[in-house]
Amino acid sequence: LFWGGAPLFINYVLSTGGLGVVVGYPLDTVKVRLQTQRRFTGAWQCIQTTCKTEGVSGFFKGMLMPMTTVSIGSSVAFGTYGNCLQCLRQVRCGSLEAPTSKGDIFLSGFAAGFAQVSVMSPADIVKVRLQCQMNPYQPGQGSVSFSKPKYHGPVHCLLTIVREEGIRGLYQGAMAMVLRDAPAFATYFLTYAIFCEWMTPAGKKIGKILLLETNQGMRIMEIAYGDKLLARLHVLCQDGRACAYVSSHSSWIQKN
């Protein structure tokens, strides 16, 4: 259970991007709630309300799901990227040793973003639904009774979605995620390759930088509109309003 003097779980969190999830998750919860619920007028009011009704734990609802899937998603994304890059070089030049073109990098990054949706869509829909499930926090003893939450945790949420909506329920809004992540991954990988060339002295081989450590940088490339639409789709699809929402998203853009 120990590696390098630290518990295995700690090593997992530090080496797979889990630490980035932990640090950024409270703000992600605030973002999702602002995107999906009109009761909040701003970030600070959302933070105050969450602390008052749910306590600090309210900011970390559903965090286990992205923490356990971040390594799988990275493996799928980088594996797809590497294999597509080799295939494109083989098709274009007939050799794996041929230099990589910018077009190959862009297309491979696009394919990587498309492929990782298969893993991240179920994780994201579970995360968003748990984040939007607000239940009052009651410290100590009290006589006031509150309604029980629909979901009791990531696993229960996942099983409930499958039972009530089928496997397709885990991929509600997957197309919006593809439209968000595929261009984002393509832009990220292309930008990364360009900067590597710029930072490498002439006549020397391009240095290898740990891509996995910069995986969280891909989130910066996400399109804000796609992220907001996706969060609302994940919430609305649980009560049958997703189709109506998608069909009227043009009016939503005008109003917002």
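Numbers at a glance
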quantity	calculated
Nearest-0.05 FRET efficiency for S95 and T68, computed from C-beta distance (R0 51 Å)	0.85
Per-q log10 I(q)/I(0), segment 39-182, q = 0.14, 0.15, 0.20, 0.21 Å⁻¹ (Debye; single scatterer per alpha-carbon; no solvent)	-0.80, -0.87, -1.17, -1.22
Centre separation in Å (Cα based) which lies between segment 60-92 and segment 106-129	8
Rounded accessible area per residue of segment 32-131, 1.4 Å, Å²	46
Share of carbon and sulfur in the accessible heavy-atom surface of segment 48-115 [1.4 Å probe, %]	69
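The values are calculated or read from the model by the stated rules, or taken from the named source; none is laboratory data. Small disclaimer: the values here were computed from a predicted structure and weren't measured. Positions of Cβ are backbone-derived with ideal geometry, glycine not excepted, and every protein chain shown enters the neighbour counts. Calculation scope for accessible area: heavy atoms of the full protein, side chains included, ligands and nucleic acids excluded. Shrake-Rupley method; radii C 1.70, N 1.55, O 1.52, S 1.80 Å.
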